[in-house]
2 protein chains.
Amino acid sequence: MKRKITLKDIARELEVSISTVSKALKNSEEIGRDTKEKVQAFAKLYNYRPNNIALSLKNKRTKNIGVVIPDIVHYFFTTVFRGIEKLANQKGYNVIVCVSDESFDKEVINTELLANGSIDGFVMSLSAGTQRKMDFHHLLEITEQGIPLVLFDRVDDQVSCDKVILNDREIAYQAVKKFLANGRKNIALVTTESYFNVSEKRAEGYEEALLEEQISVRPELRLTLPYRDVNDNEIRKFFSASKIDAVLCVNEIFAVQCMAVVQKMGRKIPDDIAFIGFTDGILSKYSNPTLTTVAQHGERMGEIAAEMLIERIEIDEEKPFRTVIVEGTIIERGSTVN
Amino acid sequence: MKRKITLKDIARELEVSISTVSKALKNSEEIGRDTKEKVQAFAKLYNYRPNNIALSLKNKRTKNIGVVIPDIVHYFFTTVFRGIEKLANQKGYNVIVCVSDESFDKEVINTELLANGSIDGFVMSLSAGTQRKMDFHHLLEITEQGIPLVLFDRVDDQVSCDKVILNDREIAYQAVKKFLANGRKNIALVTTESYFNVSEKRAEGYEEALLEEQISVRPELRLTLPYRDVNDNEIRKFFSASKIDAVLCVNEIFAVQCMAVVQKMGRKIPDDIAFIGFTDGILSKYSNPTLTTVAQHGERMGEIAAEMLIERIEIDEEKPFRTVIVEGTIIERGSTVN
DNA sequence: TATCAACACGAAACCGTTTGCGTAACACTT
DNA sequence: AAGTGTTACGCAAACGGTTTCGTGTTGATA
């Protein structure tokens, strides 16, 4: 087992000083031709690589970025992560991931741990717990320490930092408009608990589109489902209670699950009832019928977030915080048209 | 903006030496009661936390583990990752993720980068490129340097290290046995290019089950699909060419896609033709019909891998390498039974 | 021959911690 | 008064690098 070789080892072996070795390897003008060649040859032979940790300590830069997300087994977050990782790698950064598991406490612990020198900046999306609690002290601490932070998707106005979000309200508005243009008037909304910022934004767009057509927003057309372990019976009851000919769902799982239920109830999609979901994931493409859905362009969001972060880290202009709005795209499939 | 406070800052402020501060914070017996209290109070007030990088350098332990996987927008890998992250966190480790994107070169670059001190050990699954090239020099380098390595799922015999794999051959065998017990005899296999180790293992199990019943393995019942961008026409041609009443697919996407095609061809599932896939992901649960599939227990695999790794790191017994075999579970759903 | 610049290299500080060891100050013993 | 033992702290090395500055040795110049 040959341990990693260090500058000191090379210096000892070649009977020169450590600083000479260091400079020789950087091709410094200070060092003579012969010595440089000797050192470089030796280093190559023994496959010398500088120790990242030592460099980090010296430079006060780790070349790591921390990503804290609520979940990883989740299509949207993985696509964003892919974007982050891709761009970070291009710029020579590595990515440390922590999963908050939708828990406020874990989010706090993870961020504080990483903030102690492990990373140069954060990309985060808030956990459900944090959004419910509305407690952002850990994020304020981070920014106060001068650690750059970029929030994406699940953001909050109380935290001032760079942000990347979807035009949730606008694209939900467009989706409902599409239903309306199709002659559908009894449009339901299937959503999550209201402390999810994005769900609220989507609900606003939904309502705006309705009101614009003089259609009143009826509370009985709004179904609020738990984040996990959705019960089919609840869905069935909802769809039995009212006449509904179109449904906007805030994610693809809700949409696919609702489609399955109404199909079992004998309704035809899209003739009797149409669906539009959010997240253009694997489910939307392979469901039956295929699902018309809002592509959130997660990978682009990730790239943008990483780019903004690295810019802050490396340029560190004290320029004002920006919020980049990524425009969703409605992908038309079988749940709205034949 | 209040920068992170260091031992030196505390020492200067309190007019004691750095070592006194360090010892006081560790409650060392060497330090007097008064001084300890003073230092501890000050540290708490200013929220002192030791710098991770400095600790890493000193201890020669980063408390980071590196995870290199082929893809992240992929159900199985994300579940494994979740298991790794969960266990690592419990043990006080952070996780640095690199995505090889199925490329040999990226895998090499990423591992070499991380191996220069950034991590204490690796958990990896081989990229397609690496399996095709059969070049493992980067892994040998890692292990030669004494960096612990655990491979999961996509492993290779040429690399000697700890491993976690599924009983692929055995569970494929069982799946086919299930078809046979059901009276089905024309059983097809839909698989990937053969350089994927796991696909080969599954094919072996498939063949073994057939041969055991005196059924010959017919090459025209084997469909090899590309890893990405599968064309429906090819699938249609395959299913038109032969009489097929059961299909074993090496992943859930192939299965769902094939199901959609044969349904369009007018075949009834599971009456005319039954399907079993691999990976109990979101698709299997929401497809139409729902898919009978092999649960790979990715999260458990991840936990086991992380546990093995951390054991090597912390205990570092030179004990022989182990291969843990996780047993898959066939989850019965609508694609095999009504 | 004294001066000086250029060259090639080494010493040392620094990044933030930990820790073995040395020691000043004091009390206590004989 | 000399010796001994604690106590409570500081010094310095070490982890593996980078970088500033100092310096001995040349050879050229005046």
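Of note:
- Nearest 10 degrees, 0 to 90: helix A:75-90 Cα axis against chain A principal axis: 30 degrees
- Axis-nearest residue of B (beta carbon) for the B-onto-A rotation, whole Å: B:Asn288, 2
- Beta bridges per DSSP, both residues in chain B: antiparallel share near 10 percent.
- Net charge of Cβ neighbours under 12 Å - reference B:Lys60; Lys, Arg +1; Asp, Glu -1: +4
- Taking other Cβ atoms within 10 Å as a rough exposure proxy, A:Glu141, A:Glu332 sort from fewest to most as A:Glu332, A:Glu141.
- A:Ser103/A:Asn186 FRET efficiency (R0 41 Å; Cβ-Cβ; nearest 0.05): 0.60
- The slack between A:Gln214 and A:Lys264, meaning 0.36 nm per residue of separation minus the straight C-alpha distance, is 14.8 nm.
- Residues B:Asp280, B:Asp245, sorted so that the one with the fewest Cβ neighbours within 10 Å comes first: B:Asp245, B:Asp280
- Excluding same-chain neighbours fewer than eight residues apart, the aspartates and glutamates reachable from A:Lys285 by a Cα-Cα span under 17 Å are A:Glu252, A:Glu332, B:Asp229, B:Asp232, B:Glu252.
- Only Cα pairs under 8 Å and 6+ residues apart enter the sum, and on that basis the relative contact order of segment A:168-227 stands at 47 percent.
- Spin-label model, B:Leu55/B:Val324: points 7 Å from Cα along the beta carbon direction are separated by 2.6 nm.
- Hypothetical label at B:Glu193: residues of segment B:210-238 whose amide nitrogen lies under 15 Å (7 Å Cα-Cβ projection): B:224-230
- Here A:Ser17 yields copy-to-copy label distances, from shortest upward, of 2.7 nm, the label point defined as 7 Å from Cα along Cα to C-beta.
- Rounded if a/c under 1.5, otherwise prolate or oblate - segment A:168-296, Cα gyration tensor axes: rounded
- Cα gyration tensor, chain A - rounded (a/c under 1.5), prolate or oblate: prolate
- Helix B:104-115 vs. chain B, principal-axis angle (Cα, 0 to 90°, nearest 10): 20 degrees
- For B:Arg222, the label point sits 7 Å beyond Cα toward Cβ; its separations from the matching points on the remaining copies run 5.8 nm, from shortest to longest.
- In loop segments of segment B:213-290 as defined by DSSP, the GluC sites (Glu not before Pro) with at most 13 further C-beta atoms inside 10 Å of their C-beta are B:Glu213.
- Think of each Lys and Arg Cβ as +1 and each Asp and Glu Cβ as -1; about the Cα centre, that makes the dipole of segment B:7-50 roughly 180 debye.
- Net dipole in debye of the protein assembly as shown [+1 Lys, Arg Cβ; -1 Asp, Glu Cβ; about Cα centre; nearest 20]: 280 debye
- Between 0 and 90°, nearest 10: helix A:298-314 axis offset from chain A longest Cα axis: 40 degrees
- Residue order, fewest to most beta carbons within 10 Å, for A:Lys185, A:Lys163: A:Lys185, A:Lys163
- Restricting the trypsin sites (Lys or Arg not before Pro) of segment A:213-249 to loop positions (DSSP other than H, G, I, E, B) with no more than 13 neighbouring Cβ atoms within 10 Å leaves A:Arg228, A:Lys243.
- Rounded, prolate or oblate (a/c below 1.5 giving rounded, otherwise prolate when a/b exceeds b/c) for the protein assembly as shown by Cα gyration tensor: oblate
- Pairs from A:Lys133/A:Lys177; A:Lys201/A:Lys264; A:Lys8/A:Lys38 whose Cα-Cα separation, in the structure shown, is over 23 Å: A:Lys133/A:Lys177; A:Lys201/A:Lys264
- For chain B, the relative contact order works out to 17 percent when only alpha carbon pairs closer than 8 Å and six or more residues apart are counted.
- Residue-averaged beta-carbon neighbours from other chains (10 angstrom radius) around A:226-238: 0
- A:Asp232/A:Arg132 FRET efficiency (R0 22 Å; Cβ-Cβ; nearest 0.05): 0.30
- Cross-link pairs A:Lys36/A:Lys58; B:Lys2/B:Lys26; A:Lys2/B:Lys4; A:Lys185/A:Lys237 - those with Cα-Cα distance over 32 Å: A:Lys2/B:Lys4
- Label distances, nm, B:Thr35 versus same residue in remaining copies, Cβ-directed 7 Å point: 4.2
Quick note: the coordinates plus some simple rules give every number you see, no bench work behind them. What you see is a predicted model, and the numbers here were worked out from it, not measured in a lab. Glycine gets a Cβ as well: all are built from the backbone with ideal geometry, and neighbour counts include every protein chain shown.
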